1. Taking the Cβ of Ile312 as the centre, find all other residues whose Cβ is under 15 Å away and add up their charges (Lys, Arg: +1; Asp, Glu: -1).
2. Subtracting the Cα-Cα distance from 0.36 nm times the residue separation, let me have the gained length for Lys232 to Glu63 in nm, one decimal.
3. Report the full-extension gain for the segment Arg104 to Met1: residue separation times 0.36 nm, less the Cα-Cα distance, to one decimal in nm.
4. If you rank Tyr306, Tyr184, Tyr120 by fewest surrounding Cβ atoms within 10 Å, what's the result?
5. If each of Asn202 and Ala97 carries a label point 7 Å out from its Cα toward its Cβ, how far apart are those two points in nm?
6. Quick check: net charge around Lys11, other residues with Cβ under 13 Å of its Cβ, Lys/Arg +1 and Asp/Glu -1?
7. Quick one: net charge of Asn294's neighbours, Cβ under 15 Å, K/R +1, D/E -1?
8. Please state the charge dipole magnitude for region 172-233, taken about the Cα centre, from unit charges on C-beta atoms (+1 on K and R, -1 on D and E), reported in debye and rounded to the nearest 20.
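Since every read-out is calculated from the coordinates, none of them should be taken as a lab result. Please read these numbers as outputs of a predicted model, since none were measured by experiment. Glycine also receives a Cβ, built like all others from the backbone with ideal geometry; neighbour counts cover every protein chain displayed.
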Amino acid sequence: MTQQELIERQKWFVNLRLGQFIHFNSATQQFYKTRKNDWEDDHENKGAPRKYPFNPKDWNPSELDCAQWAKASKAMGAKFAAFTAKHHEGFCLWPTAATEHCVRNAACKRDVVAEYLDAYRAQGIEAGLYFSMLDLTHTIGRKKCTPADVDFTKQQFKELLTNYGEIPFIIIDGWQALWGGPSYANMPFEEMDAFVKSIQPNCLLINHSCETTLAHTDVVFYENAAGQNAAKDFTGPGAAGNILTRHWFWREKDAGMKLKSADWALKKINSMNAKNVAFLLNASPNRFGLIDENMAARFEEIGKIYRAPPDIKEIPDGWLTR
């Protein structure tokens, strides 16, 4: 991808403006009652022994309905979405050949990645993926990342990019991030980016790493829920994500809690859009595989009053380029 082609793809992404982040994976089943955090950060960052390895047989969302998610996202006005194909624990929501730690060995063997992509595409929503380089089950992280681990990661990228049609972007997490993951020295950004684009040249690699340059990403990502905000003079290209609840993944109390208001969400969305930052509002399907009624209602409320700004035509002054 040339510099100009990358800029056009960045503009295309930013012009989508409002998206849905869907957090649904092993943490949905493991931590819905007890744990404050969504993953074992103390294991990765403090050397604590693992306490919560996930057994694929425990994956059994009995009412899984990705079409219900997609309708809720459409009602919100989402033009794009990202889905947690693999989070930090390492459980894969597609039947990957790279590991047994996937839906192939689960109680519910359905290919959730495929069902998500089909459902969102049917609603006309640009459907991308989220993928964690940090993988606790396969011990890929800040302490270890071997050439074999890089090959393992490439194999999974290849599956996702060859078996499921066009993937317009992948949001990457746990890659020399503040919270852990393999380093760029052990897993070079340039190598992985080139590999992804050798399969799908238009696929943006959006690195959720807290960096504010394009050195290791195609779009700067701000975890707005953790207090990361674009500077006042930032003009793009950016992405940001936030939550209506207290966690990215579902908790049992979420179904009855008072969610953050539509006005709160719109203030966040509009402030980011004004800086050419596409905004992802999180959806956290419950352990049965459905978005709770209170969350779906809030999305619909947002959709009735959100108005996207005009598309970017030319590169704004200060737009980050490589």
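1. Details: positive: Arg9, Lys11, Arg17, Lys79, Lys275, Lys313; negative: Glu8, Asp311, Glu314, Asp317.
Here the count lands on +2.
2. Numbers: separation 169, 0.36 × 169 = 60.84 nm, distance 4.38 nm.
My answer for the length gained is 56.5 nm.
3. Values: separation 103, 0.36 × 103 = 37.08 nm, distance 3.50 nm.
Separation in residues times 0.36 nm, less the Cα-Cα distance, equals 33.6 nm.
4. Numbers: Tyr306 20, Tyr184 16, Tyr120 26.
The order, fewest Cβ neighbours first, is Tyr184, Tyr306, Tyr120.
5. Between Asn202 and Ala97, the simple spin-label model gives 2.7 nm.
6. Numbers: positive: Arg9, Arg17, Lys313; negative: Glu5, Glu8, Asp218, Asp311, Glu314.
Local net charge: -2.
7. Working: positive: Arg246, Arg251, Lys253, Lys258, Lys260, Arg298; negative: Glu252, Asp254, Asp292, Glu293, Glu300, Glu301.
Neighbour charge sum, excluding Asn294 itself: 0.
8. Numbers: 2 positive and 8 negative charges, 14 e Å.
Charge dipole, region 172-233, about its Cα centre: 60 debye, nearest 20.
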